[in-house]
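K.L.:
The structure that follows is given in the form of structure tokens.
What follows is calculated from the coordinates using simple rules that are stated; it is not laboratory data. If you're wondering where the values come from, they're calculated on a predicted model, not measured in any experiment. For neighbour counting, all protein chains shown are included, and Cβ atoms are generated from backbone atoms with ideal geometry for every residue, glycine included.
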Amino acid sequence: MNPAKNAVTIDGKRVRADRRKTPATERAGYCVVVLNKPIGVVTTLRDEHARKTVADVLPKVPRLFPIGRLDADTAGVLLCTNDGELAHLLAHPSSRIERTYHVRVSSVLTPEQAARLEARNVNHGPDAHTSFDMTLREGKNRQVRRMCAQLGLRVVGLTRTQFGPVALDALAPGATRPLSRAERDALSRWQSQTATRSHVTKR
């Protein structure tokens, strides 16, 4: 008897099949690649204003779509896949997956501003610009720029250097690469844990 197809009961209570799915990184036919999205490219597959889109820089086969969004004037790590379940999990606000950015602003960053932004690796350049890294657990629209603007800082350069376990490293703008084995394993663990938490919560 197959509990996924037949009604099985124990002490009068129905036993339901565990419908948690195998992580996309472990399923045949599914693909995840890392794109270093260049500045000026919009994170969509079509654009009514005829701007360059990620579809123009992604491989044509298999047909991939971006997970979440990056502003046109923001570069860096953008995961692309053909798996809707994984895309939904990673892009959903509840994922709380870490996103790390390298930020360049047009003025000197004060200690107070650095503390508010939880800035790391702060570097004051000779041209009065400042670069630093910051990490967020949400992917709200233009969040880094809005946080900086609230402190009187103007962002002049922004690159997402890491999305969860996936780092940009030396990937050239507009180039793609497959996930490394370590990245696949880390994403699979994260997806399995997320599915388990969701399964337990629904009970």
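K.L.:
Along the Cα→Cβ direction, 7 angstrom out, place labels at R120 and Q150. What is the inter-label distance in nm?
P.N.:
2.1 nm
K.L.:
Follow-up. What order do you get for L45, L64, L179 when you list them from fewest to most C-beta neighbours inside 10 Å?
P.N.:
On the way: L45 14, L64 23, L179 20.
In increasing order of surrounding Cβ atoms, one gets L45, L179, L64.
K.L.:
Sort the stretch 123-164 into rounded, prolate or oblate with this rule: let a ≥ b ≥ c be the square roots of the eigenvalues of the Cα gyration tensor; rounded if a/c is under 1.5, and if a/c is not under 1.5, prolate when a/b is larger than b/c, oblate otherwise.
P.N.:
Values: a/c = 2.59, a/b = 1.44, b/c = 1.79.
Oblate, since a/c reaches 1.5 and b/c is not below a/b.
K.L.:
Continuing with the same structure: For the stretch 98-163, calculate the relative contact order in percent as a whole number, restricting contacts to Cα pairs under 8 Å that are 6 or more residues apart. Please list the in-between numbers first.
P.N.:
Values: 113 pairs, mean separation 33.7, N = 66.
Relative contact order here is 51 percent.
K.L.:
Could I have the simple spin-label model distance between D185 and T135, label points 7 Å from Cα toward Cβ, reported in nm to one decimal?
P.N.:
For D185 paired with T135, the spin-label model returns 2.0 nm.
K.L.:
Treat the count of other C-beta atoms within 10 Å as a stand-in for reagent exposure and order H49, H124, H102 from fewest to most. Spell out each step's value before the answer.
P.N.:
Numbers: H49 5, H124 13, H102 18.
In increasing order of surrounding Cβ atoms, one gets H49, H124, H102.
K.L.:
Rounded to the nearest angstrom and ordered from largest down, what semi-axes does the equivalent ellipsoid of the stretch 52-104 get from its C-alpha gyration tensor (root of 5λ)? Write down the numbers at each step before the final one.
P.N.:
Details: eigenvalues 76, 62, 11 Å².
One finds semi-axes of 19, 18, 8 Å for the stretch 52-104.
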